[in-house]
Amino acid sequence: MPKSCATASSRLVVTDASEPSAVPPSAVPKAVAPTVLASGHLHPAILLLRLLDALRKAAVPMVLGVAVQSWWLVGFGIVLFLLNLGYATARYLTLEYTLTTDELRVREGLLERQERRIPLDRIQDLGFESTILRRALGLAVVLVETASGRGVEASLDSLSRADAEHLRDVLLAARANAVANTTTQTQATAEGEPPPLQEPAMLAPEWLVHQSTTGELVLRGLTDMRLSAFLVSGFAASQLADQLGFAQRVAGLGRGARDWLLQFPPLTLVALLIALLLVVMALGVVTATLGNLVTFHGFRVTLRGDVLQRRYGLLTTRQKTLPRTRIQRVTVEQTWSRRLLGLSVVKADSAGGSRSDGEDTTGGWEVIAPMTKLPTAQALLPALLPGLEQESFEWQRGSARLILRTAVPGTVLALVLTPVLWSQAGPVAAFLLLLAPLWALLGLLVWRNLGFALGRDFLTLQHGVIGRTVAYVPTAKVQAVVVRRGPLSLLLGLADLTVYVAGGSPTRLPDLTLADARRLANAIAQRAATAAAAAW
Amino acid sequence: MSGEASLRPEQRLQRRVIAYWLVGGALTTTVLTGLAWFVGRPLLVEHWDKWSSTFDLVLAGACFGLLAITLIEPPLAYARWRYAFLGDLLLMRYGILFVEERAVPVRRMQHVDLVRGPIERLFGLATLVVFTAGNEGSSFRVPGLGVTDAQELRDRIVEARGDGRL
């Protein structure tokens, strides 16, 4: 019986709403008193960083003070410096962490003492992050994440790299033991004797799952079209506004620039604008490429036992562990440009992490493969979701009535907007009639990309308009299934199916036929209800 | 586990939930329309010189529309609401324009609450709130249950969830 729900299921809290993580760590009385596995203080070198930090903070008033010959300001700077340094020193001296077989305790504070206790089975992840300065000093910030949905629960800034690695290894071994203990405990308590304390599990060998090449990262940057797409659409919008005669009214601010531009002959003007656009786009692409290279430099995913580990970064290096059992959903994402090139991004949502579709959280915490060829991405999946390789998916399509459902609002919109605009702007408004076929085309594209398949243990879903995203959800992780029908869907006999998991945004299957949606929802719900995997 | 065909919830809410919704809705609507008409309108008339009787009509129409919705909504909502507890699944179906059918596996539930507001208590009703782990849409409500029914349902859920052996 996996760990996290051992507590949740044995004591279901019946009173008011408290966070899942606030559930008492162990409702089951432990047969073994918790023993201390590791403990320690922050690394002394952090004082050096704090010193620099304090200097940096005090620099402005001091420099300013010297410049204007105000000794009050200099004094203020010195006091600020001493206060900052004193606080950092006090924090360094008092902070102590202890890892026992039950929990991770972080105690700190001089005047205001604080002790944070995080139950072991609630710890979702242990991540490392070190900026370039910390790396030079051999330090790493340890980030403790729980599944509470708040992300980082506690951070230790900073431990030496060796200490940090040791802490993680011990923690992983202790957790593996806790699982073993809960399973043996039931048998042992039946016989009336405490289970033997097991030796810390030997660390399994580490396998390389995926490694990014520099070429792939460059491609990731080059196909990062968000900025340029934004610029292009902005330009197009301004041109349209100009055509429709809005621009003059808005003007005022841009009039000066406009007059200056209008002195050029139209051909030069167009060339100038295009050149400007290209420069901005190139700038966007270059920054995106550099940014990606720096963030994901040397990206490596390894698998040790049941725990995935990612290491990456050029200036700030990051190391993040992700237990496979905590994966809620895996997506293979292709934007239109990447789809053309046959490239894709693999991401994994875990309980506690929160992001919406297609959006990266800072630092790329959920990225498993920043950029890789589609077949490689697909070959990667069984390493993330064991058992996926045994599935044979029978892909099904959504209902073609989806096109109608999208086209109808588009047509209505076009028919309403055109007369309104005609009275204002004249026959130009007829262009708005194009909305109808455009929306129909949108519906067609959505329908063409929509597909789903329910295997034995996994639900897969493919959706997109020009790009394409394929999501894999283990049915055992499903928290709730919702079939939803709006007024238009009711008329057309369609329904949306939304699948909720503990991490990330819900997976939505739009516009299935009602019968399909119900059948699928029932099947998923029943599988989730009977699934053996209780850990989220 | 029952077959797939029986996955449709059949149980209805207590009929007096209509009265409860009416009272609750009437209270909020009265406060809202009262505020709009007796506070918002004089203020606008005083400070906005373009105010005309057309706006009066629109405002009055909106107020009466709101009132009408408050009166029509509860019976319709009651007619649609169904729920069922199948031992390992909690099912619900509700909604007037947008119809939702939800299924929550008992094993995924984190805690179960019973909520009773002051007006609910007057009518002897209770709302069952079920929480799952997750960021979005992680709580599910079943309103308009009789108090004993609600307690029984909660106890059944806790029992189904409580043994913890899977």
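Observations
- Applying 1/(1 + (r/R0)^6) with r as the Cβ-Cβ distance of B:K50 and A:K57 and R0 = 51 angstrom yields a FRET efficiency of 0.40.
- Ranking by accessible area, most exposed first, for A:F81, A:F76 with a 1.4 Å probe: A:F76, A:F81
- With viscosity 1.567 mPa s and temperature 4 °C, the Kirkwood radius over alpha carbon pairs of the range A:477-518 converts through Stokes-Einstein to a diffusion coefficient of 123 µm²/s.
- Spacing of the modelled spin labels on A:F76 and B:L32, each 7 Å from Cα toward Cβ, amounts to 5.1 nm.
- Sum of -39500 (n - 2.57) over DSSP H runs of 4+, divided by residues of chain B (222 nm, nearest 500): -14500 deg cm²/dmol
- Helix B:147-162 vs. chain B, principal-axis angle (Cα, 0 to 90°, nearest 10): 50
- Stretchable slack from A:R448 to A:E112, in nm (0.36 nm times residue separation minus alpha-carbon distance): 114.9 nm
- Computed with a 1.4 Å probe on the full set of protein chains, the accessible area for A:H297 sits at about 90 Å².
- Across peptide B:93-102, the average count of Cβ atoms from other chains found within 10 Å of a residue's Cβ is 5.
- The convex hull around the C-alpha trace of chain B, projected and averaged over every direction, spans 12.7 square nanometres.
- Debye equation applied to the C-alpha atoms of the range B:17-77, log10 I(q)/I(0) at 0.19 Å⁻¹: -0.70
- C-alpha center-to-center spacing [the range A:277-333, the range A:405-437] in angstrom: 44
- Heavy-atom accessible area, 1.4 Å probe, ligands and nucleic acids excluded: residues of the range B:108-125 down by at least 20 Å² from chain alone: B:R108, B:Q110, B:H111, B:V112, B:D113
- Taking a ≥ b ≥ c as the square roots of the eigenvalues of the Cα gyration tensor, the range A:101-144 is oblate, since a/c reaches 1.5 or more and a/b is not larger than b/c.
- For the range B:83-162, the alpha-carbon coordinates run over 35, 33, 23 Å along the three principal axes, in decreasing order.
- For peptides A:399-408, A:83-92, B:42-51, A:414-423, sequence by mean Cβ density within 10 Å, most packed first: A:399-408, A:83-92, A:414-423, B:42-51
The values are calculated or read from the model by the stated rules, or taken from the named source; none is laboratory data. Quick caveat, the model's predicted, so the values are computed rather than measured. With ideal geometry, Cβ positions are generated from the backbone for all residues, glycine too; neighbour counts draw on all protein chains shown. Note: areas computed on protein heavy atoms with side chains; ligands, DNA, RNA excluded. Shrake-Rupley method; radii C 1.70, N 1.55, O 1.52, S 1.80 Å.
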